Amino acid sequence: MKRKNHNNRLVELPNFCHLGVNLRIALTAEAALAASVIARARDGAAFWAEFIALSALAQPALLLTLLALCAAGRWLRSRTYPAGVAITLAISLAVPMGMASWLGPLTRDVETYTPLTVGLFALMLGGGLLVYFNLRARALSPAITEARLQALQARIRPHFLFNSLNAVLSLVRSDPRRAEHALENMADLFRALMNDARQLTPLEDEVALTRAYLELEQLRLGDRLQVAWHIQKMPGDALIPPLVIQPLVENAVYHGIEPQPQGGEISLNIYRSGDKVHIVVRNPVAPDAHHHKGNRIALDNIRERLLLHFDLDAQLKLEPLGAVYQVNIVIPYTRERTQPAPAHPHRR
């Protein structure tokens, strides 16, 4: 359920299964209730009594409405944008009015709490929220979001370029076949860097890209770099933002392996638990804690892209565990691709 806005961006209804969307709706509903009570409350005691009564009755209706919208989410996304808006408003109207009629005997002490009042309130609130989410989508894309994502993505490019080129040059004469394979890996990495950053990518592709990166690093570090993959329970069809795992592993190499003459092991554990995908990267901690102490651009990059794609449903945790440093990413398990805007005519 999409339409193009003035920036040629495909605008969708919000994902009503996302935590961030639900929190915004719940807080807006509570603020609207408070404003309606303030307008007629005679004093503080009257305000709190009526607000608590209305809130206690409104929350079940709001919860059921959000559950209904979440359950209908995939079907709603297959509708046109105007049809999706109409159906969303219809659900937002029908559920609260039904709840108001059912709970009518409990609302005798609240003068204006009638099905008609509830319907008008729900319709105004739902319409206002849809306008807000539409404006928010316009503000974030493409002029802002695309530029920010591409700029964030570009920061990753120089990290491994020069080391990889030097490693390939050292193999050109001694092992040309291996050098050719390394150049293919570099081509894969840069192809990923140039892809559209707005579209989610399959997890299995990200893992393949990370393997290509690690093969390049092993040309330079040799046996000092050991990698343990734990991906038996990985949902390969899960969709994640591009270039999330590779920068984590690059940080692990840079901070955990390079500073130690004996090297060490990087561990990657990727699995699904319920409706969440977990990506856990561990690396040894260098004895010199200040070695290669960077500005954490890569981590800030990943955190911001996770926020742009998944809002509050994604988490990035940094966990020092004694001799091991762990980064844990948790994202929703989704197989629904985001839809980027059509390419500009001069792009191929």
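Taken together, the values in this text are just the output of simple stated rules run on the coordinates, not laboratory data. Please read these numbers as outputs of a predicted model, since none were measured by experiment. With ideal geometry, Cβ positions are generated from the backbone for all residues, glycine too; neighbour counts draw on all protein chains shown.
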Computed over the Cα atoms of the range 26-69, the Rg and Dmax in Å are 11.5, 37
By how many nm would the segment from PHE162 to ASP223 grow when fully extended, if each residue of separation counts as 0.36 nm and the alpha-carbon distance is taken off? 19.9 nm
GLU265-LEU307 pseudo-label distance in nm [points 7 Å out on the Cα-to-Cβ vector]: 3.6
Length added when fully stretched, GLN232-ALA187, from 0.36 nm per residue minus Cα-Cα: 13.5 nm
Rounded to the nearest 0.05, what FRET efficiency is calculated for VAL131 and GLN315 with R0 set to 30 Å and r the Cβ-Cβ distance? 0.55
Cβ-derived FRET efficiency at R0 35 Å, ALA31 paired with GLU204, nearest 0.05: 0.20
